[in-house]
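Here is the structure we will look at, set down as structure tokens.
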Amino acid sequence: APTVKVHALFISCMIDAIEGRSVAITDIPGAFLSADWPKSAPPCYLKFEGIMVDLICQIVPAYRKLIKYSGKRDRHGKQRRWLVGKVTKAIYGTLLGAILFYKKLRKELEALGFEVNDYDECTFNKMVDGTQFTIQFHVDDLKLSHLKQQRIDEIIDALNAIFGKQKKMSASYGKIHEYLGMTIDWSEPGMVKFTMYNYLEDILAEAPDDMDGTDVTPATVYLFQVDLDSPLLDDTLADLFHRLTARFLHAAKRARPDIQVAVSFLCKRVDAPNEGDYKKLRRLVRYVRATIHIPLVLGWDESGNIVWSIDASFAVHMNMKSHTGYCMTMGRGAAVSGSTTQTITTRSSTEAELVGLDDGIGFIEWTSRFCKAQVKDYPDDHPLKQLGCKNLVKQDNTSTIKMAKGGRRTCGKRTRSIDIRYFYITERINDGLIVMSYCPTKAMVSDYLSKPTQGSLFRLHRNAIMGISSEEYDRYELEYAAAKRRYREGMYGTPVESA
């Protein structure tokens, strides 16, 4: 079943902040059981054993005659017994369960007048009182936002009438919410902050003692170099390496995009990590410990422009492949970003930059179209109406810009894969989707995501991606301490049981 895209959630949260909407987070109890198992689907059966048989028969004593017995006995000396039941509702853990609930929820939202965003199947919109009402969901966890709290309550009541017959939906209100493992904070007007304090603290708590201490960057300049003579880790440490890397990947794709370069490399080493890789993981752990208080802060500059920075580091990997970094901002912080090894080997820095543009073009197209779909019903004079109409792409290689703009005129003796890439980019320039412009290398924020930068350039670009200033860095450390107090006191969101 589809779930809301993280990028779609970030953009929606930015719109919530820009418009000053009220936000509620709700949970549908026993969600899957609200959807019927389709008669057209193959039948599904559940087998209940042991104490579950006794509990079911206490509820319906007539089922005792359906109990099956075997000659074997359990560890308590009782004869093994079981019941088999035919599924009539969507059951959590079955192949069809999640998609059945999604179809049920989508049908009910459409009946309430909501329309799906064509570029995210879990984002629904409706104009209410002249302003947009947005609902996004990850399985049974819903985020609802509208200018008027009263309208949110009305929709929650309507959903309660459908899904809350056995138990009412719970809802939390306020400026700070927990959603999809992140804390989302709309306390400051016009901006939204994302943090994962508890999640990162769990990772640090699991890290062994030899990873204690702090570091100023998540990786050294030698990150992409692999010591082939370094001994492999034993099974226990290899499992720890894999687990910590996977957990950091989850954080990097949400509230901590500043660790993406290190995580991108470590993900490629989980199959056979060695002691050199372990040291690089240690460096990442020490950096996160030193910077756990940094939030991802997103805001906009009121221009409506989407600004992309796309960069590539040529032949930096051991197999001579290059590395792409890209990020998108609407004025403050990177709502979309990525750091990835290129899939083909290029023959020059210009070709590497071109492949980097191709790596990012899919995100540019999706982001533009998602934004346009979000604001399509807005009045023409609304400040957000032009959102997604103009994508400014920054590039620090003038030859790449000429190739992208020139199309067939610049085609030489190149491989078919390279030709296809820059012809496609040329088409996107010609149809007005993107506007390319030169940007000096030191001003390219995405340079941070294409290589392990160090020193003042690291701090400059890290802060730009995270949406913070050097002055705010210390303030957020104090906010982190205050946030921990709120966690202990249970003050994130105000839980309200809907009537």
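If you scan segment 159-178, which residues turn out to be open to solvent by less than 70 Å² (accessible area, probe 1.4 Å) and either within 30 Å of PRO189 (Cα to Cα) or hydroxyl-bearing (Ser, Thr, Tyr) (or both)? Before the answer, list the steps.
Taking segment 159-178 as the starting set, the residues that turn out to be open to solvent by less than 70 Å² (accessible area, probe 1.4 Å) are 159-164, 169-174, 176-177.
Scanning segment 159-178 gives LEU159, MET169, SER170, ALA171, SER172, TYR173, GLY174, ILE176, HIS177.
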Condition first: open to solvent by 40 Å² or more (accessible area, probe 1.4 Å), in contact (Cβ under 8 Å) with a residue 40 or more places away in the chain, over 21 Å from VAL221 (Cα atoms) and not hydroxyl-bearing (Ser, Thr, Tyr). Can you find one or more residues in segment 309-330 that meet it? no
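Being touching a residue at least 12 places away in the same chain (Cβ under 8 Å), at negative phi, surrounded by 18 or more Cβ atoms within 10 Å (Cβ to Cβ) and touching a Lys or Arg at 6+ places or on another chain (Cβ under 8 Å) narrows it down to one of PRO257, PRO295, so name that one. Lay out the reasoning, then the answer.
Values: PRO257 fails: touching a Lys or Arg at 6+ places or on another chain (Cβ under 8 Å).
Unique residue meeting the criteria: PRO295.
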So which residues in segment 373-393 are buried (at least 20 other Cβ atoms within 10 Å of the Cβ) and either assigned to a helix (DSSP H, G or I) or in contact with a Cys (Cβ under 8 Å, 6 or more places away or on another chain) (or both)? GLN374, LEU387, GLY388
Are any residues in segment 62-120 in a loop (DSSP other than H, G, I, E, B), closer than 25 Å to VAL6 by Cβ and acidic (Asp, Glu), and if so, which ones? ASP118
Within segment 437-485, take every residue that is over 24 Å from the mean Cα position of the chain (by Cα) and among the small types (Gly, Ala, Ser) and give me the one that is surrounded by the most Cβ atoms within 10 Å (Cβ to Cβ). ALA443
Within segment 321-372, considering residues that are outside any loop (DSSP other than H, G, I, E, B) and among the charged types (D, E, K, R), the one farthest from GLN395 (Cα to Cα): LYS372
Considering segment 4-53 alone, what residues qualify as being at pLDDT 95 or above and among the polar types (S, T, N, Q)? SER12, SER22, THR26
Quick test of your reading of the structure: THR245 fulfils all but one of (1) touching a residue at least 40 places away in the same chain (Cβ under 8 Å); (2) closer than 14 Å to TYR278 by Cβ; (3) surrounded by 18 or more Cβ atoms within 10 Å (Cβ to Cβ). Name the failing condition by number. (1)
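Does segment 25-50 hold any residues that are farther than 19 Å from ASP141 by Cα and part of a loop (DSSP other than H, G, I, E, B), and which are they? Lay out the reasoning, then the answer.
Filtering segment 25-50 down to residues farther than 19 Å from ASP141 by Cα leaves 36-50.
Listed by number, the residues that qualify are TRP37, PRO38, LYS39, SER40, ALA41, PRO42, PRO43, CYS44, GLY50.
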Taking LEU281, is it out of contact with any Gly (no Cβ under 8 Å at 6 or more places or on another chain), in a helix (DSSP H, G or I) and without any contact (Cβ under 8 Å) to a residue 24 or more places away in the chain? no
Residues (over 23 Å from ARG462 (Cβ atoms) and open to solvent by less than 10 Å² (accessible area, probe 1.4 Å)) located in segment 298-308: GLY304
So LEU204 passes all but one of these: (1) open to solvent by 10 Å² or more (accessible area, probe 1.4 Å); (2) over 30 Å from GLY174 (Cβ atoms). Which condition number does it fail? (2)
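Does PHE224 fit the bill of being at pLDDT below 95, more than 23 Å from the chain's Cα centre (by Cα) and crowded, with 19+ Cβ neighbours inside 10 Å?
no
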Just for segment 44-77: of the residues that are aromatic (Phe, Trp, Tyr) and under 47 Å from the mean Cα position of the chain (by Cα), which one is least open to solvent (accessible area, probe 1.4 Å)? PHE48
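From ARG283, ARG289, ARG369, grab the single residue that is in contact with a helix residue (DSSP H, G or I) (Cβ under 6 Å, 6 or more places away or on another chain), over 17 Å from SER450 (Cα atoms) and not aliphatic (A, V, I, L, M). Talk me through it step by step, then tell me what you get.
On the way: ARG283 fails: in contact with a helix residue (DSSP H, G or I) (Cβ under 6 Å, 6 or more places away or on another chain); ARG369 fails: in contact with a helix residue (DSSP H, G or I) (Cβ under 6 Å, 6 or more places away or on another chain).
That would be ARG289, the only listed residue that is in contact with a helix residue (DSSP H, G or I) (Cβ under 6 Å, 6 or more places away or on another chain), over 17 Å from SER450 (Cα atoms) and not aliphatic (A, V, I, L, M).
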Among the residues in segment 138-148, are any of a type in the set (Val, Ile, Thr), within 18 Å of ALA24 (Cα to Cα), touching a residue at least 60 places away in the same chain (Cβ under 8 Å) and touching a Leu at 6+ places or on another chain (Cβ under 8 Å)? no
How about segment 78-111: which of its residues are closer than 28 Å to ILE152 by Cα, free of Cβ contacts under 8 Å to residues at least 40 places away in the same chain and surrounded by fewer than 15 Cβ atoms within 10 Å (Cβ to Cβ)? LYS107, GLU110, ALA111
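Within segment 7-24, how many residues are in a strand (DSSP E or B) and buried (at least 21 other Cβ atoms within 10 Å of the Cβ)? I'd like the intermediate steps shown before the answer.
Start the filter on segment 7-24 by keeping residues that are in a strand (DSSP E or B), which leaves 22-24.
If we keep only those that are buried (at least 21 other Cβ atoms within 10 Å of the Cβ) as well, we get 23-24.
Total meeting the criteria: 2.
The values are calculated or read from the model by the stated rules, or taken from the named source; none is laboratory data. Here the structure is a predicted model, which means the values were calculated and not measured. Cβ coordinates were reconstructed from backbone atoms using ideal geometry, including for glycine residues, and neighbour counts include every protein chain displayed. For accessibility, only protein heavy atoms count, side chains too; no ligands or nucleic acids. Shrake-Rupley method; radii C 1.70, N 1.55, O 1.52, S 1.80 Å.
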